[in-house]
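The values are calculated or read from the model by the stated rules, or taken from the named source; none is laboratory data. Predicted, not measured: the structure shown is a model, and the values here were computed from it. Here the Cβ is made from the backbone with ideal geometry for all residues, glycine too, and neighbour counts use every protein chain on show. Heads up: the accessible areas ignore ligands, DNA and RNA and are worked out on the full protein's heavy atoms, side chains in. Shrake-Rupley method; radii C 1.70, N 1.55, O 1.52, S 1.80 Å.
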Amino acid sequence: MQTILTVNGGSSSLKCALFQRQAGELTLLFNFKLGNILADARFKVVDTTGATLLETSLDYSAVAKDDRHQACLETIRQWLTEQLPENELCAIGHRVVHGGSSFSEPVLIDDQIISQLEEFIPLAPLHQPYNIKLIQACRKIEPKLPQVACFDTMFHAQQPKVEQNYALPRKLTEEGVHRYGFHGLSYEFIQRQLKTFEAADANTVICHLGAGASMCAVKAGKSIASSMGFTAVDGLPMGSRCGNIDPGVLLYLQRHYDMDADQLEKLIYKESGWLGVSGISSDMLELHQSDQPEAEEAIDMFCYRAALEIGRLSAALQGLDQLVFTGGVGENDADVRSRILQRCEWLGININHQANAEASGVISTENSKVKVQVIPTNEEAMIATHVVELTI
């Protein structure tokens with residue numbers, strides 16, 4: 001049985017998926033989730049039906065923290081050896097957050113590619129180092145296997161300059177200080193799904209909403225504008241990220257509160273967003289369950305800002321034909337969808353409230369001028385698809 005492993009990790013978590021490759025077709029076999037790997041690690045294995053096959057704690061206390069990601073991959077490999085002895089792993093695909101201006105498509109990884117990826121660490125300091133660490137760990141474990149890097153930025157690489165560039169001195173723009181956009185693997189997956197519905201060429205805004213949230217305007221199948229910019233902290237207020245903010249605020253905090261770069265980075269990435277506004281949680285479900293007015297304020301701010309962004313992206317498209325919700329919140333939170341769409345009625349959107357409550361595909365009415373859909377995303381499937389396309 002030939003299989004492909006996809007790897008998607010952060011500083012303290014790891015998500016992997018195993019796909020069977022047969023006659024050019026991909027079939028998901030298992031999802032692996034490892035959380036809190038720097039402390040009390042948890043390991044969960046889920047099959048294609050969503051049934052949990054294993055959920056247990058792991059003791060990595062004897063493993064140096066810099067080696068925890070490799071230990072997680074070893075755990076997955078050991079489970080596969082025991083439970084799927086006929087498995088023949090043939091390639092590994094990685095989600096890499098930042099491809100800079102160099103990568104507009106997936107690439108086979110070698111030493112030179114890794115060196116290039118290291119150059120982008122300053123552009124994504126909270127994500128890129130761990131993407132590279134996982135690549136290196138996989139190379140140690142499976143040195144002979146081809147590995148493919150798939151970039152969150154590549155779907156946006158051909159955006160027009162008027163969208164990409166900031167009003168900064170041209171020298172800085174030419175050195176790479178411009179908008180990149182993220183969540184590209186999710187947007188590409190949704191766009192391919194729309195193609196199967198024969199709706200790929202319509203003017204579309206895709207809303208990838210979760211603890212990390214962004215939006216993308218797609219025209220004729222191509223990204224032309226997005227809410228995230230130079231970093232993944234820009235745009236919408238997220239679980240713990242502030243989203244769009246006047247840069248003067250950061251200068252003020254630096255001067256009047258003596259905050260240095262590390263403190264500002266922690267503030268805008270880890271202490272703001274829904275968590276900062278509510279003072280309760282960065283989890284949308286917990287905010288819905290809270291009776292505190294600050295929780296309601298955080299939810300309402302998110303929905304308000306999302307509706308504003310739909311307006312901006314509709315202007316970039318010069319007209320909106322369809323709207324797609326995806327991501328953890330976008331797919332599962334009917335209340336958030338309803339609040340956003342009610343603020344977008346001026347676009348001619350009419351909601352089918354029962355369909356919205358059930359998240360059943362199309363959630364707009366037949367007379368709505370804009371078609372609204374809920375489509376589950378699958379970044380892992382997109383990565384595996386790129387691996388097949390590049391290695392066969």
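General remarks:
- Matching residues, region 260-280, being free of Cβ contacts under 8 Å to residues at least 40 places away in the same chain, of a type outside the set (D, E, K, R) and open to solvent by 40 Å² or more (accessible area, probe 1.4 Å): Ala261, Gln263, Leu267, Leu275, Gly276, Gly279, Ile280
- Residue pairs meeting the criteria (Cβ under 8 Å; at least 6 apart or on separate chains; first in a loop (DSSP other than H, G, I, E, B), in region 83-106; second open to solvent by 40 Å² or more (accessible area, probe 1.4 Å) and among the charged types (D, E, K, R)): Gly100/Glu119; Pro106/Glu389
- Residue within region 230-247 that is over 23 Å from Met284 (Cα atoms) and in a helix (DSSP H, G or I) present: yes
- Sole residue being surrounded by 11 or more Cβ atoms within 10 Å (Cβ to Cβ), over 25 Å from Ala381 (Cβ atoms) and among the β-branched types (Val, Ile, Thr), chosen from Val63, Val46: Val63
- Only one entry of Ile121, Ile114, Ile92 meets the criterion of being open to solvent by 30 Å² or more (accessible area, probe 1.4 Å), aliphatic (A, V, I, L, M) and under 21 Å from Leu185 (Cβ atoms), and that entry is Ile121.
- Of the residues Leu267, Leu308, Leu253, the single one that is among the aliphatic types (A, V, I, L, M) and closer than 17 Å to His127 by Cα is Leu267.
- Considering only residues in region 213-222 that are crowded, with 24+ Cβ neighbours inside 10 Å and small (Gly, Ala, Ser), the one that is farthest from Val336 (Cα to Cα) turns out to be Ala217.
- Any pair with Cβ under 6 angstrom, 6 or more apart, that starts in region 22-44 at a residue that is more than 17 Å from Gly10 (Cβ to Cβ) and ends at one that is aliphatic (A, V, I, L, M) and part of a strand (DSSP E or B): Leu29/Leu18; Phe30/Leu18; Phe30/Val45
- Filter result (small (Gly, Ala, Ser) and in a strand (DSSP E or B)) within region 1-59: Gly9, Ala17, Gly35, Ala41, Ser57
- Pairs, first in contact (Cβ under 8 Å) with a residue 12 or more places away in the chain in region 228-249, second aliphatic (A, V, I, L, M) and surrounded by fewer than 16 Cβ atoms within 10 Å (Cβ to Cβ), C-beta under 7 Å, six or more apart: Phe230/Val177
- Set Asp300, Asp291: member being farther than 23 Å from Val97 by Cα, over 21 Å from the mean Cα position of the chain (by Cα) and not in a loop (DSSP other than H, G, I, E, B): Asp300
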